[in-house]
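Colleague: Got a structure here, written out as structure tokens. Questions coming.
The values are calculated or read from the model by the stated rules, or taken from the named source; none is laboratory data. These numbers come from a predicted model, not from an experiment. Here Cβ is always computed from backbone atoms with ideal geometry, including for glycine, and neighbour counts include all displayed protein chains. Keep in mind that these areas ignore ligands, DNA and RNA; they rest on the heavy atoms of the full protein, side chains included. Shrake-Rupley method; radii C 1.70, N 1.55, O 1.52, S 1.80 Å.
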Amino acid sequence: MNWRRIRAIAEKDLDEVRKNRIAVVSSTILAVVFSIILPVIMTQAMVLEGGTSSDNITSLIPPALQEEMGSLTSQQQPVVLFLGYLLAPLFLILPLILASVIAAEAFVGEKERKTLEALLHTPATDAEMFTAKVVASAVPAVLYAWGNFVVYTVVVNVASYPIMQRIWFPTPIWLPIMFWIVPAIALMGTAATVLISSKVSTFMEAYQASGGLVVVVLGLLVAQISGILFLSPLIAIVVGSFLFAADAFLIWFGIEVFSRERLVTRM
Amino acid sequence: MGVAVATEGLTRTFGAVTAVDHITFHIEEGEVFGLLGPNGAGKTTMVRLLNALILPTSGSATVFGKSVLQQGDSVRSMTGVLTESPNLYERLSARRNLTFFGRLYGVPEADLKSRVDRTLTWLGLADRADDLAGTFSKGMKQRLALARALLHDPPLLFLDEPTSGLDPSAAREVDTLIAELSRERGRTVLLCTHNLVEAQRLCDRVGVLANGRMIACGSVQELAQRLWSSMAVEIDLLVPPPPDLGEILGAIPGLSMVTVEGTRIEVRVNTREQVPEAVSAIVGAGGQVLRVVPREHTLEEIYFALQKEERS
Ligand SMILES: Nc1ncnc2c1ncn2[C@@H]1O[C@H](COP(=O)(O)OP(=O)(O)OP(=O)(O)O)[C@@H](O)[C@H]1O
Ligand SMILES: [Mg+2]
């Protein structure tokens with residue numbers, strides 16, 4: 001493995017992603033909505049309304065959290081429940097989408113814009129090209145999720161201060177999510193797109209196909225809300241481990257798909 | 001001089017199509033070798049095989065002694081390829097395109113900038129270096145793609161139709177550059193082209209492909225000799241020839257006089273080497289030679305004769 005070549009390919013791919021309007025616009029919009037607009041609306045609604053009828057909320061709180069939530073006021077409860085717990089799986093959409101967009105650009109973009117053959121003529125090995133493109137997709141996606149997490153932390157604490165009277169975010173569940181599940185999800189978006197890329201020939205097709213993965217995350221959210229799956233730090237670690245195992249499997253297939261021979265003959 | 005490229009029964013099929021069919025040939029170091037043949041004959045497939053982009057179905061090939069089967073990555077580090085289409089990152093600048101490929105081909109970081117600048121200047125793109133490649137005209141894209149192939153100064157160049165789409169003077173410049181690379185820098189070149197005049201001017205030897213097979217391989221002269229047993233030589237004399245000239249020439253093996261028209265005679269010789277022999281025989285018979293023009297067969301004639309032979 002020649003790291004200079006890997007770095008050159010990854011940097012070139014990111015240069016190209018920066019010129020892709022869909023990638024830039026969609027990741028900016030998502031960042032603003034999730035990290036700023038959502039927490040602000042939520043807290044301001046509570047400030048204005050002065051709390052909800054506590055029956056509704058109490059029925060939503062899973063047994064595991066009853067104790068912790070019990071000590072909160074009816075104005076504080078929804079803030080902690082929504083911003084501290086329910087939104088957590090939704091935050092996984094950020095790295096998932098960015099990883100898929102970059103991977104679509106890196107793996108299908110070359111094919112679509114007919115630049116692949118010159119790259120294949122270079123001494124870069126199949127493994128180097130594959131690694132570079134996976135790194136270029138997954139690493140920025142993870143950094144992006146972390147960046148959003150920092151902004152979200154600040155916005156949540158500031159906006160909810162009038163209600164909470166203390167700095168309460170992040171709750172423990174966020175740490176395994178951010179540092180364990182987010183990297184797993186970013187890799188998953190990448191690996192799935194690599195597999196899709198062998199079947200499609202345009203960026204848009206790849207982008208749309210991998211958008212289907214978002215459904216998986218929305219499923220997690222629904223499970224979360226309906227109380228079937230309540231993310232505790234332990235469950236987060238287990239879920240993350242399963243995702244990593246699935247990643248390893250997908251990447252193994254991806255390496256099979258990503259060979260010069262196949263890329264040239266399917267060009 | 002060593003051997004740059006050697007193949008042995010090289011074959012590649014795609015489903016029912018045999019794109020390259022049991023080809024055995026070699027390219028000498030420092031030589032310009034032309035690969036000719038109609039559309040779909042297998043030229044681009046040959047370039048891909050010799051760069052280990054695709055593997056042979058059977059047979060083998062080596063590039064500077066390295067096998068394309070086992071050492072594909074090191075083969076690719078010794079070659080520079082001008083692909084059939086320019087393959088440029090159109091949303092990146094010309095300079096960015098070249099620095100990217102420079103890094104992949106292992107140009108040292110300290111030399112990279114000056115190497116890129118020099119190559120851009122060499123190919124007349126210095127004043128457009130920071131413009132996006134997508135804004136270039138077809139000819140400029142072709143030159144940038146050529147810059148990419150030359151940047152790391154590889155000992156072996158593959159040029160797949162380098163002058164297609166270029167205006168006549170740009171095509172001439174590219175031809176000059178190829179000649180310079182070979183004669184002055186000792187680089188080996190494999191040139192795929194449909195331009196037979198260009199091939200005749202540049203190539204030391206050519207290989208003619210048809211349906212994946214190499215139907216002929218050699219220098220233009222060798223091919224002409226193989227196709228036609230004799231060649232015509234036009235000779236102008238100061239005064240009409242002596243009447244017995246036909247007999248005198250006819251007596252020499254491999255020579256014959258075909259026609260006399262006033263002061264112009266046409267002689268047939270079996271080989272090029274016999275031209276001086278014919279001239280001295282004429283002079284010996286009292287002919288006053290003014291001008292001798294061997295009518296050598298052009299590559300174009302050879303090409304069409306070969307294709308015709310192939311069809312029948
Ligand atoms: N990936 C592929 N899949 C199927 N067939 C292929 C593939 N690549 C090449 N071929 C076939 O192999 C044959 C040779 O193609 P090739 O591109 O080598 O021709 P060429 O001599 O370069 O032609 P041209 O002068 O048009 O560039 C053609 O019949 C082509 O259809
Ligand atoms: Mg071709």
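Colleague: Identify which of A:146, A:174, A:252 has the largest mean-square fluctuation in a Gaussian network model of chain A, with springs joining Cα atoms closer than 10 Å.
Modeller: Answer for the Gaussian network model of chain A: A:252.
Colleague: Specify the angular offset, from 0 to 90 degrees and rounded to the nearest 10, of the alpha carbon long axis of helix B:94-104 from the longest principal axis of the alpha carbons in chain B.
Modeller: Helix B:94-104 sits at roughly 90 degrees to that axis.
Colleague: Simple spin-label model, 7 Å along Cα-to-Cβ: residue A:143 to residue B:127 in nm?
Modeller: For residue A:143 paired with residue B:127, the spin-label model returns 3.8 nm.
Colleague: Need one value for B:100-109: mean number of C-beta atoms belonging to other chains within 10 Å of its residues' C-beta atoms.
Modeller: Average per residue, whole number: 5.
Colleague: At 1.4 Å probe size, what's the solvent-accessible area of residue B:43? Round to the nearest 10 Å².
Modeller: 10 Å²
Colleague: Report the extension gain between residue A:4 and residue A:26 in nm, rounded to one decimal, defined as 0.36 nm multiplied by the number of residues separating them, less their alpha carbon distance.
Modeller: 4.9 nm
Colleague: Which of the peptides A:132-141, B:91-100 is most tightly packed, and how do the rest follow, going by the mean number of other Cβ atoms within 10 Å of each residue?
Modeller: A:132-141, B:91-100
Colleague: For segment B:196-312, what's the radius of gyration and Dmax over Cα atoms, in angstrom?
Modeller: Calculated on Cα positions, Rg and Dmax stand at 16.9, 53 Å.
Colleague: Is segment B:1-91 best put as rounded, prolate or oblate by its Cα gyration tensor, with a ≥ b ≥ c the root eigenvalues, rounded for a/c under 1.5, and otherwise prolate when a/b is larger than b/c, oblate when not?
Modeller: Because its axes are fairly even, with a/c under 1.5, segment B:1-91 counts as rounded.
Colleague: Comparing A:127, A:23, A:118, which has the greatest mean-square fluctuation in the GNM of chain A with Cα pairs linked when under 10 Å apart?
Modeller: A:118
Colleague: Provide the per-residue ³J(HN,Hα) series for segment B:151-166, in order, calculated from phi with Karplus coefficients 6.51, -1.76, 1.60 and θ = phi - 60°, each as a whole number of Hz, with x at glycine and proline positions.
Modeller: Coupling constants for segment B:151-166: 3, 8, 6, x, x, 10, 10, 10, 10, 8, 6, x, 10, 5, x, 8 Hz.
Colleague: Another one. Tell me, what is the 1.4 Å probe accessible area of residue B:90, in Å² to the nearest 10?
Modeller: Residue B:90 exposes around 80 Å² with every protein chain in place.
Colleague: Give the ranking of B:25, A:253 by solvent-accessible surface, highest area first, calculated with a 1.4 Å probe.
Modeller: Largest accessible area first, the residues go A:253, B:25.
Colleague: Over the protein assembly as shown, average the accessible area per residue using a 1.4 Å probe and give it in Å², no decimals.
Modeller: 43 Å²
Colleague: Then there's this: Need one word for segment B:229-296: rounded, prolate or oblate. Basis is the Cα gyration tensor (sqrt eigenvalues a ≥ b ≥ c); a/c below 1.5 gives rounded, then a/b vs b/c decides.
Modeller: Judged from the Cα gyration tensor, segment B:229-296 comes out prolate (a/c at least 1.5, a/b above b/c).
Colleague: Give the Rg/Rh ratio for the protein assembly as shown, taking Rg as the radius of gyration of the Cα atoms and Rh as the Kirkwood radius, to two decimals.
Modeller: Radius of gyration relative to Kirkwood radius: 1.22.
Colleague: Let me ask something else about it. For segment A:3-265, just list the percent of Cα-Cα distances falling in each 10 Å bin from zero outward, please.
Modeller: 7, 29, 30, 18, 11, 4, 1
Colleague: Students sometimes get this wrong: rank B:311, B:185 by accessible area, probe 1.4 Å, all chains present, largest first.
Modeller: Sorted descending by solvent-accessible area, the residues read B:311, B:185.
Colleague: Related question: Excluding residue A:132 itself, what net charge comes from residues whose Cβ is under 10 Å from its Cβ, given Lys and Arg +1 and Asp and Glu -1?
Modeller: The answer is +1.
Colleague: Moving on to the next point. Summed for both chains, how many Å² of accessible area, to the nearest 100, are buried between A and B with a 1.4 Å probe?
Modeller: So the buried area, both faces added, is about 2800 Å².
Colleague: Check residue B:32: other-chain or 5+ apart residues with amide H under 5 Å from its amide H, H built from backbone geometry?
Modeller: Excluding prolines and chain starts, which carry no amide H, the hits are B:189, B:204, B:205.
Colleague: As a test question: what accessible area, to the nearest 10 Å², does residue B:115 have when a 1.4 Å probe is rolled over all protein chains in place?
Modeller: Looks like 50 Å² after rounding.
Colleague: From the Cα trace of chain B, what convex hull volume per residue do you get, rounded to a whole Å³?
Modeller: It is 166 Å³ per residue.
Colleague: Shifting gears a bit: As a check on your grasp of the helix formula, calculate [θ] at 222 nm for chain B: sum -39500 (n - 2.57) over DSSP H runs of n ≥ 4, divide by the residue count, round to the nearest 500.
Modeller: -10500 deg cm²/dmol
Colleague: In addition: Ordering B:204, B:130 by accessible area with a probe of 1.4 Å, largest first, what comes out?
Modeller: B:130, B:204
Colleague: Turning to a different aspect of this structure: For chain B, set up a Gaussian network in which alpha carbons nearer than 10 Å are linked by springs, and say which option among B:274, B:200, B:142 fluctuates the most.
Modeller: Largest GNM mean-square fluctuation: B:274.
Colleague: Still on this structure, I have one more. So for chain B, averaging the separation of alpha carbon pairs under 8 Å that are six or more residues apart and normalising by length, what relative contact order in percent results?
Modeller: The normalised contact order for chain B reaches 18 percent.
Colleague: How well do other chains shield peptide A:2-9, expressed as the mean number of their Cβ atoms within 10 Å of each residue Cβ?
Modeller: Partner Cβ neighbours, averaged per residue: 3.
Colleague: Step through the residues of segment B:170-177 one at a time and calculate ³J(HN,Hα) from phi using the Karplus curve (6.51 cos²θ - 1.76 cosθ + 1.60, θ = phi - 60°), rounding each to whole Hz and writing x for Gly and Pro.
Modeller: 5, 4, 4, 5, 5, 4, 4, 5
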